[in-house]
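What follows is a short report on a single structure.
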Amino acid sequence: KTLTIMGLLSFAFVAVFAYLPLFGWIMAFIEYKPGLSFFDCDFVGLKYFKMAVMEPELLNVLRNTLVMSLLGLLLSPLPVIFAIFLSEARSSKFKKFIQTTTTLPNFIGWVLVYSICFAMFSVGDGVVNKILLQLGWIQEPLNPLANSKVVWFFQTAIGQWKGLGFSAIVYFAAITGVDHELYDAASIDGCGRLKRIWYITVPSIMPTFLTLFVINIGNILNNGFEQFYLFYNPLVHDTIQVLDLYTYRLGINLGDYSFATAIGMFKTVVSVTLLFIVNMLAKKIQGRSVI
């Protein structure tokens with residue numbers, strides 16, 4: 001009974017905050033005006049979806065979204081590698097220290113992360129710029145916060161720094177669950193540390209990695225909002241504006257709720273479609289799937 005009640009509470013939470021808001025999708029098919037009931041607004045059919053196809057700025061937004069998501073996918077093995085190498089550390093104190101210090105950034109808000117980056121890289125008083133200039137390593141201050149050429153890589157690096165330790169927790173748990181008798185048997189057979197990692201640890205955590213990888217591909221259009229909203233400025237507008245930020249600007253700043261809803265629906269449909277396609281491919285290739 002206790003487990004059933006807990007399950008019902010979880011289902012109720014998801015229903016209220018994930019499924020009930022889907023009723024708002026009706027705004028994508030009507031000429032919504034704030035203050036009026038949905039049923040009092042004019043029905044326009046697929047008008048806003050056609051506008052989305054013809055919107056030139058949307059192509060640039062999709063490019064930014066896909067590039068930064070693909071960079072994140074390319075770096076998705078980093079938490080696995082980090083977890084493996086840290087699990088091989090002999091000193092438990094060193095292991096706990098590294099795990100704590102790398103997990104802590106995940107709990108730092110993006111406002112503080114932006115403040116840290118501004119303090120480090122601002123042109124006038126940035127700590128990093130001052131040190132590098134005094135050492136003679138650079139001739140002029142670095143300005144990654146306003147340099148559109150490095151936005152994709154800079155934002156990806158910040159995201160990796162913030163989430164690496166926390167993402168590795170899942171793989172730590174998977175490595176902990178590996179039967180230690182396998183390692184003992186491999187040692188008796190003459191396997192060194194690297195061979196034990198390659199033939200025991202890596203295959204044991206591959207199902208976990210595959211599951212998370214499939215989910216990440218399904219979320220390829222969901223870069224997040226807060227990070228890019230805080231780091232946004234007119235100098236990097238063309239390269240930092242992702243789909244979530246673009247939708248926010250349409251709906252909240254410009255008040256075009258119907259168009260913003262249509263863009264949000266497009267993103268959701270594409271994400272769900274990608275999730276099922278990648279899940280099907282994973283089932284055919286690896287013989288296992290998420291769904």
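The values are calculated or read from the model by the stated rules, or taken from the named source; none is laboratory data. These numbers come from a predicted model, not from an experiment. A quick note on method: Cβ atoms are made from the backbone with ideal geometry, for glycine too, and the neighbour counts reach across all protein chains shown. What goes into the accessible areas is simple: the full protein's heavy atoms, side chains included, and nothing from ligands, DNA or RNA. Shrake-Rupley method; radii C 1.70, N 1.55, O 1.52, S 1.80 Å.
Things worth noting here:
- Residues that are assigned to a helix (DSSP H, G or I), open to solvent by less than 60 Å² (accessible area, probe 1.4 Å) and among the β-branched types (Val, Ile, Thr), drawn from the stretch 121-143: Val128
- Test: Thr65 is farther than 29 Å from Gln241 by Cβ and among the polar types (S, T, N, Q): no
- Pairs linking a residue in the stretch 91-117 that is open to solvent by less than 70 Å² (accessible area, probe 1.4 Å) to a residue that is of a type in the set (Asp, Glu), with Cβ atoms under 8 Å and 6 or more positions apart or on different chains, are Trp110/Glu226.
- Just one of the listed residues (Phe39, Phe85, Phe17, Phe118) is in a helix (DSSP H, G or I), within 30 Å of Ile175 (Cα to Cα) and either of a type in the set (A, V, I, L, M, F, W, C) or at pLDDT 90 or above (or both), and it is Phe85.
- Among residues of the stretch 246-256, those that are touching a residue at least 60 places away in the same chain (Cβ under 8 Å) and assigned to a helix (DSSP H, G or I), counted: 1
- In the stretch 42-57, the residues that are of a type outside the set (A, V, I, L, M), open to solvent by 80 Å² or more (accessible area, probe 1.4 Å) and in a helix (DSSP H, G or I): Lys47, Lys50, Pro56
- Selection over the stretch 53-99 of residues that are among the acidic types (Asp, Glu) and under 23 Å from Phe225 (Cα atoms) gives a count of 2.
- Any hit, the stretch 175-185, residues being surrounded by 14 or more Cβ atoms within 10 Å (Cβ to Cβ) and either in contact (Cβ under 8 Å) with a residue 60 or more places away in the chain or assigned to a loop (DSSP other than H, G, I, E, B) (or both): yes
- Scanning the stretch 268-287 for residues that are without any contact (Cβ under 8 Å) to a residue 12 or more places away in the chain and of a type in the set (Val, Ile, Thr) yields Thr268, Val269, Thr273, Ile277, Ile285.
- Qualifying position, being modelled with pLDDT under 90, under 23 Å from Leu46 (Cβ atoms) and either among the β-branched types (Val, Ile, Thr) or in a helix (DSSP H, G or I) (or both), among Phe259, Phe266: Phe266
- Residue match in the stretch 76-83 (condition: open to solvent by 50 Å² or more (accessible area, probe 1.4 Å) and over 22 Å from Lys195 (Cα atoms)): no
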